[in-house]
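Q: Sharing a structure, written as structure tokens. Questions coming.
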Amino acid sequence: MVVRERVDPHGLDLRIDVQLQIVGSLLQAIAEEMGAVLVRSAFSANIKERHDCSTALFDERGRMIAQAEHIPVHLGAMPDAVAAVISHDPAPGEVWAVNDPYTGGTHLPDITLVSPTEVGFSVSRAHHADVGGREPGSMPAGSHTLDEEGVVIPPTRLDDAVIEDLVARMRSPEERRGDLRAQLAAHRLAERRISELCERRGRARVVAAMAELYAYSERRMRAGIAALPDGRFESDDVLEAIDGELMLRVAVTIAGDAVSIDFAGTSPQHDGNLNCPLSVARSACFYVVRVLVDPDLSASGGAFAPVCVRAPAGCLVNARSPAAVAAGNVETSSRIVDVVMRAFGEAIEVPAQGQGTMNNVTFGNDRFTYYETIGGGQGACPRADGPSGVHVAMSNTLSTPVEALELQYPLRVRRYALRLRTGGSGRRHGGDGVVRELEALEACRLSLISERRVRAPRGERGGKPGAPGRNFLNGEPLPAKATRDLAEGDVVTIETPGGGGFGR
């Protein structure tokens, strides 16, 4: 192995091929171990079984350096939450919480914790199954303002009294308290592991390695972008709002080693909850560029540096408070991936569209809340068929095992199967969606937020579209967004979309 030497700003020699990779791998392992502690300590099925959570490490400047391979929509938006907490000058030993979408958050169920470490900050973000919204599960289909969606947490120093105040305003407070304490356990673990790393390697060397890891990711990403053809490429798509379609319009400009993504022409923010803050839009754009340019690159914040994202203030993807955002984080982020990917497709080969929705389903009453997303078909790519029954793009969660769901909640899974022949045909076939049928065993409320029920996922280069999804209650069709009262014995059926095909 060739070992090169470089002098860092602290005057230390970094043997790039050996020591840097060792420190980088150790930081990655700490982020992964944080995630393992969070998952194994959590109370709710959404975190414990579905792994709807993410963890990462940041440097002293608030730049992401290492992340666990968790949820793309969580991770790309984390830097804004860290910046919001840094502005309050957090002290060593403190842990801060935030979920306000207009101060570094995404949507209210995603509660982010940030705590100082010896060399920066540790961060966890977890989707809590309820945060006190007007509907059980805090994912209402028809909310109009942020306050309807739950407890809003600006950057707040977390202690026992604050935790008790927060969980008292949420359903299933024991479960909420358990999940928050699971996040706290992950932060204590990170603090200990970072201290051990600094003791073994030296704090100055760890800090220098973090800076070089950030710079290395930026150099690789810029080199990958420079290999793409320069030009301006445009695309558009729509979201299926309750009161009509909303337009997403994007222009991607590739110039040298940088990419600019502009959402001028996108619909203004609306009276529903498909709005999202700019941090979520950035997160979706970062995901697309990483996937297309250098998917094997460790995703430190340096990989995001060459990507500039702009959107008019007050538009659908750069909403202003107090606009509701519950669906923006899950559904609008998925559509941003679709439309940005398709714009890049004017310049290079890209996969066909995947299901383009997370199929959000929430059951709950005053006694329990259960939330899940459901997989579907991924789009085909030039060299492979699309996989079936997977969480696509901005979601990277698992499915709740049937046994765990039925053991913990008054629900019965009547059917869970692939929805055969729903992937688009072509030289390469799109993946199939799934059918998930759930029976309520006691009276509760249903909230359903889904997309691609009218407009199907598109094929690419002559491939056929995938089948759109469908929703039913006791065999009667439901719209893409719906809230209903369920009686004991009612059956909800979700048929998720298939992915588009590729090639003729």
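Where a number appears in this text, it was derived from the coordinates with a stated rule and is not lab data. Quantities reported herein were computed from a predicted structural model and do not represent experimental measurements. Quick reminder, even Gly has a Cβ in these numbers, built from the backbone with ideal geometry, and neighbours come from all protein chains shown.
Q: Which residue, chosen from Gly76, Leu446, Leu228, occupies the Cα position most advanced towards the positive end of the dipole of the chain, where the dipole is computed from +1 (Lys, Arg) and -1 (Asp, Glu) charges on Cβ about the Cα centre?
A: Leu228
Q: Taking just the C-alpha trace of the chain, give me its Rg and Dmax in Å.
A: Cα radius of gyration and Dmax of the chain are 22.1, 70 Å respectively.
Q: Right, another one. Could you tell me how many cubic angstrom of Cα convex hull volume the range 5-217 has per residue?
A: Spread over its residues, the Cα hull of the range 5-217 gives 113 Å³ apiece.
Q: Shifting gears a bit: Summing -39500 (n - 2.57) over the DSSP H runs of n ≥ 4 in the chain and dividing by its residue number, what mean residue ellipticity at 222 nm do you reach, to the nearest 500 deg cm²/dmol?
A: After summing the helix terms and dividing by the residues of the chain, the value is -8500 deg cm²/dmol.
Q: Order these by the 10 Å Cβ neighbour count, fewest first: Asp262, Asp52.
A: Asp262, Asp52
Q: Let me ask something else about it. Short version: ³J(HN,Hα) in whole Hz for each residue of the range 244-252, in order, from phi by Karplus 6.51 cos²θ - 1.76 cosθ + 1.60 (θ = phi - 60°), x for Gly and Pro, what are they?
A: Going residue by residue, I get x, 7, 10, 8, 10, 10, 9, 10, 9 Hz, with x marking Gly and Pro.
Q: Here's something else I'd like to know. If the viscosity is 1.567 mPa s and the temperature 4 °C, what Stokes-Einstein diffusion coefficient in µm²/s follows for the range 264-305 when Rh is the Kirkwood radius over Cα pairs?
A: 107 µm²/s
Q: Charges only on Cβ, +1 for Lys and Arg, -1 for Asp and Glu: so what's the dipole of the range 351-504 about the Cα centre, in debye to the nearest 20?
A: So the magnitude is around 1060 debye.
Q: Convert 20 °C to kelvin, take the viscosity as 1.002 mPa s, use the Kirkwood radius over C-alpha pairs of the range 399-499 as Rh, and evaluate the Stokes-Einstein diffusion coefficient in µm²/s, rounded to a whole number.
A: So the translational diffusion coefficient is about 147 µm²/s.
Q: Report the far tail of the P(r) of the range 351-455, meaning the percent of Cα-Cα pairs longer than 16 Å.
A: Everything past 16 Å amounts to 60 percent.
Q: For the range 448-504 and the range 143-217, what is the separation of their C-alpha centers, rounded to whole Å?
A: 35 Å
Q: Rule-of-thumb check for the range 227-323: C-alpha Rg over 2.2 N^0.38 Å?
A: Normalised Rg, Cα atoms only: 1.15.
Q: Let me ask something else. For the range 333-409 and the range 31-91, write down the distance between their C-alpha centroids in whole Å.
A: Between the Cα centres of the range 333-409 and the range 31-91 lies a distance of 20 Å.
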